[in-house]
Amino acid sequence: MINSTLILKFLKFCVVGFSGMVVDFGTTWLCKEKFGWNKYVSNSIGFVLAATNNYIWNRLWTFRSTSAEIPVEYGKFLIIAIIGLGINNLVIYLLHDKLKLNFYLSKLFAIGVVTIWNFTMNYFFTF
C-alpha cells in the first residue's frame with residue numbers, strides 16, 4: 001500500500017513539474033517557432049531549463065532537502081534529468097517522426113512518461 005506521505009510528495013512533484021512544463025513548452029516554442037532552431041535542440045534547451053527550475057522547487061518544497069551538498073544533489077538531479085531527456089526525445093521521435101502525431105502532443109505524452117521516471121529516481125536516489 002502506498003502511504004499518504006508518498007502520494008503528497010508525488011502531487012507536489014507534479015505541481016512543480018507543471019511549472020517546469022510551462023518553462024519547457026515556452027522555451028521550446030520560442031526556440032523552434034520564433035528562432036527557427038532544430039526541434040531537438042529546442043526541446044533539449046527547454047528540458048534543461050525546466051529541469052533546473054524543477055530542482056530548485058523540488059529541493060525547497062517537495063522534498064524539503066536540508067543537505068549541504070547542493071552541488072552533489074543538483075548533479076544527481078541533472079543526471080536523472082539527462083536520462084529523462086533521452087527518454088523524452090525517444091518518445092517524441094517514435095510518436096512524432098514515426099507515427100506522425102503532432103509534435104506538441106508527442107511532447108506532452110513524453111513528459112508524462114518522464115515524470116514517472118524522474119519522481120521514482122529522485123525519490124530513491126537524489127533526495
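Just a few scattered comments:
- Figure legend. Inter-residue proximity from the stretch 52-63: first residues within 14 Å of Thr120 (Cα to Cα) and of a type in the set (Gly, Ala, Ser), second residues outside any helix (DSSP H, G or I) and modelled with pLDDT of 95 or more, beta-carbon distance below 6 Å, spacing 6+ or different chains. No pairs are indicated.
- Of everything listed in (1) among the hydrophobic types (A, V, I, L, M, F, W, C); (2) under 12 Å from Asn118 (Cβ atoms); (3) part of a loop (DSSP other than H, G, I, E, B), the single unmet condition for Leu78 is (3).
- Flag for Tyr93 being part of a helix (DSSP H, G or I) and surrounded by 17 or more Cβ atoms within 10 Å (Cβ to Cβ): no
- Entry remark, the stretch 24-43: residues being of a type outside the set (D, E, K, R) and surrounded by 18 or more Cβ atoms within 10 Å (Cβ to Cβ) number 5 in total.
- The lone exception for Asn43 - which of (1) closer than 27 Å to Leu6 by Cβ; (2) within 13 Å of the chain's Cα centre (by Cα) it fails: (1)
- Of all residues in the stretch 96-116 being under 19 Å from Thr62 (Cβ atoms), among the hydrophobic types (A, V, I, L, M, F, W, C) and crowded, with 17+ Cβ neighbours inside 10 Å, the one that is modelled with the highest pLDDT: Val114
- Top-ranked residue of the stretch 53-86 - restricted to ones that are of a type in the set (Val, Ile, Thr) and crowded, with 16+ Cβ neighbours inside 10 Å, ranked as farthest from Trp29 (Cα to Cα): Thr62
- Close pairs from the stretch 92-115: first over 17 Å from Gly17 (Cα atoms), partner of a type in the set (Ser, Thr, Tyr) and at pLDDT 95 or above, Cβ under 6 Å, at least 6 apart: Ile92/Ser106; Leu95/Ser106; His96/Ser106
The values are calculated or read from the model by the stated rules, or taken from the named source; none is laboratory data. It should be emphasised that the depicted structure is a prediction, and the values quoted were computed from it without experimental measurement. We place every Cβ from the backbone using ideal geometry, glycine too, and count neighbours over all the protein chains shown.
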